[in-house]
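Enquirer: My questions will all concern the structure given below.
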Amino acid sequence: MAQIKTSTFASSHARVVQTPQDGRPEFAFIGRSNVGKSSLINMLVGRKELAHTSGKPGKTQLINYFLINHSWYLTDLPGYGYAVQSKKTRGKWEARTEKYFLNRQTLVAAFVLIDSNVPPQAIDLEFVNWLGEHGVPFVLAFTKTDRKKSRQGGSVDDFKSELLKSWEELPPIFLTSATTETGREEILEFVETTLLSLPWPFYGEPK
């Protein structure tokens with residue numbers, strides 16, 4: 001199993017142009033506010049408070065970088081879809097997020113987090129379709145799969161069905177739980193395999 005040996009907070013940025021320029025590959029985590037993003041990040045790295053969790057949606061307002069194993073970044077992006085934020089603030093976040101995905105050359109893949117306890121949300125489907133339209137590589141990570149609604153309902157299957165209305169093939173999908181650590185091994189294996197497939201000097205060994 002792939003391992004995370006070290007994980008440290010690297011930096012926070014309000015603008016994409018301020019983000020690290022050292023060429024390290026990165027995996028971005030994004031989802032609707034209160035989807036459980038910080039909890040999932042902490043579960044993956046094996047630390048309780050690397051990413052700050054909050055019961056208040058929309059807390060993450062900066063692009064946060066965590067350096068993993070001294071070799072790649074886990075990027076925590078602001079959540080989307082929290083209506084209490086002002087339209088002006090949401091507009092800035094959306095513009096910054098779009099700029100990040102369209103211009104960040106070191107982005108290897110985005111993890112789009114979806115709450116497995118709720119029916120398919122239009123904002124999630126729209127965001128996933130936007131990534132596809134712009135050729136941004138991504139995977140889906142369904143969160144909170146340990147909860148009763150997730151175990152009894154078919155929200156994950158419903159989301160897949162909605163995607164298949166416009167997609168010929170589904171992206172990689174992970175079922176996760178920060179509580180039970182479900183999906184941790186699968187995600188870390190995906191990250192390691194993806195990193196090792198990158199051409200040197202970005203990662204892997206010289207050919």
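Enquirer: For His70, are the conditions met, namely being within 29 Å of Lys5 (Cα to Cα), over 18 Å from the mean Cα position of the chain (by Cα) and modelled with pLDDT of 55 or more?
Expert: Yes; evaluated as a whole, the condition is true for this residue.
Enquirer: Moving on to the next point. Taking the condition at pLDDT 95 or above, farther than 14 Å from Ala28 by Cα and assigned to a helix (DSSP H, G or I), does Glu185 pass?
Expert: For Glu185, the condition - at pLDDT 95 or above, farther than 14 Å from Ala28 by Cα and assigned to a helix (DSSP H, G or I) - is met.
The values are calculated or read from the model by the stated rules, or taken from the named source; none is laboratory data. No experiment lies behind these values; they were computed from the predicted model shown.
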